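Asker: Before anything else, here's the structure in question.
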Amino acid sequence: MKKWVIKLGVLLLAISVVVYIWLGEEMKQGLQPTANGTATYMIVLGAKVKPGGIPSLSLKNRLEEAVKYLKKYPNVKVIVSGGKGGDEDRTEASVMLKYLQDNGIETNRILVEDQSTSTYENLLFSKELLPKGTKEITIVSNDFHLKRAKYLAESLGFEVDVVAAKTPKSVEIKLTLRERAALLKTYIFGY
């Protein structure tokens, strides 16, 4: 009996290591294709907002990349997407809207989706704001998050290119571990 338990433990450990490595490789594939201004609409996915409307480092990095991209491609419109988490004092979208406006992005280029509470809802609710038949979109998120965001967007009928924001070093390990689990769940359950 003991040998059987040890063998099972070793097998489960080996499977876990293989799945961990595979998910890491999958996440790297999220960085392509890089956006080049051809999609008319860009969606910036929400992330944690600190008290007083201060974007978390992850969200700030997303917004900095969005501003650079929007200034480079003035034809692109943007949807800021993110509701209000239980520990947030305002919607993520409202903080993103203010950040973009404060950094020179014209209000008439910005659409607001402020009801979502997950990546899937970010994309689903943002789709409702797009002109009917819009297929091509650009997604802005942190590098670790793009594979799952692309997968979910493609399940909603989008063709996706991406703008990758750096993941803050202070939270990189935690977020990439959590994202592996989220990606596996998405592959299994579809959302």
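Asker: Could you list, in sequence order, all residues of region 108-129 that are closer than 17 Å to residue 40 by Cα and either out of contact with any strand residue (DSSP E or B) (no Cβ under 6 Å at 6 or more places or on another chain) or open to solvent by 50 Å² or more (accessible area, probe 1.4 Å) (or both)?
Answerer: 108, 111, 112, 123, 127, 128, 129
Asker: For region 114-153, how many residues are touching a residue at least 40 places away in the same chain (Cβ under 8 Å) and of a type in the set (Asp, Glu)?
Answerer: Going through region 114-153 one residue at a time, the tally reaches 2.
Asker: Which one of these does residue 117 not meet: (1) in a loop (DSSP other than H, G, I, E, B); (2) under 17 Å from the mean Cα position of the chain (by Cα); (3) under 23 Å from residue 170 (Cα atoms)?
Answerer: (3)
Asker: If we scan region 96-103, do we find a residue that is open to solvent by 30 Å² or more (accessible area, probe 1.4 Å), in a loop (DSSP other than H, G, I, E, B) and either at pLDDT below 95 or more than 19 Å from residue 61 (Cα to Cα) (or both)? Can you show your working first?
Answerer: If we filter region 96-103 for residues that are open to solvent by 30 Å² or more (accessible area, probe 1.4 Å), which is where we start, we get 97-99, 101-103.
From the residues that got through so far, the ones that are in a loop (DSSP other than H, G, I, E, B) too are 103.
Now drop any that are not either at pLDDT below 95 or more than 19 Å from residue 61 (Cα to Cα) (or both), which leaves none.
No, that holds for no residue.
Asker: Any residue at all in region 163-171 that's within 13 Å of the chain's Cα centre (by Cα) and at pLDDT below 95?
Answerer: For region 163-171, residues within 13 Å of the chain's Cα centre (by Cα) and at pLDDT below 95: present.
Asker: Another question, then. For region 1-37, which residues satisfy the criterion of being open to solvent by less than 90 Å² (accessible area, probe 1.4 Å) and in contact (Cβ under 8 Å) with a residue 24 or more places away in the chain?
Answerer: Once the filter is applied, which keeps residues that are open to solvent by less than 90 Å² (accessible area, probe 1.4 Å) and in contact (Cβ under 8 Å) with a residue 24 or more places away in the chain, region 1-37 yields 19, 23, 24, 26, 27, 30, 31, 33, 34, 35, 36, 37.
The values are calculated or read from the model by the stated rules, or taken from the named source; none is laboratory data. Nothing here was measured: the structure is a model prediction, and the numbers come from that model. Heads up, the Cβs are rebuilt from the backbone with ideal geometry, glycines too, and the neighbour counts pull from every protein chain shown. Calculation scope for accessible area: heavy atoms of the full protein, side chains included, ligands and nucleic acids excluded. Shrake-Rupley method; radii C 1.70, N 1.55, O 1.52, S 1.80 Å.
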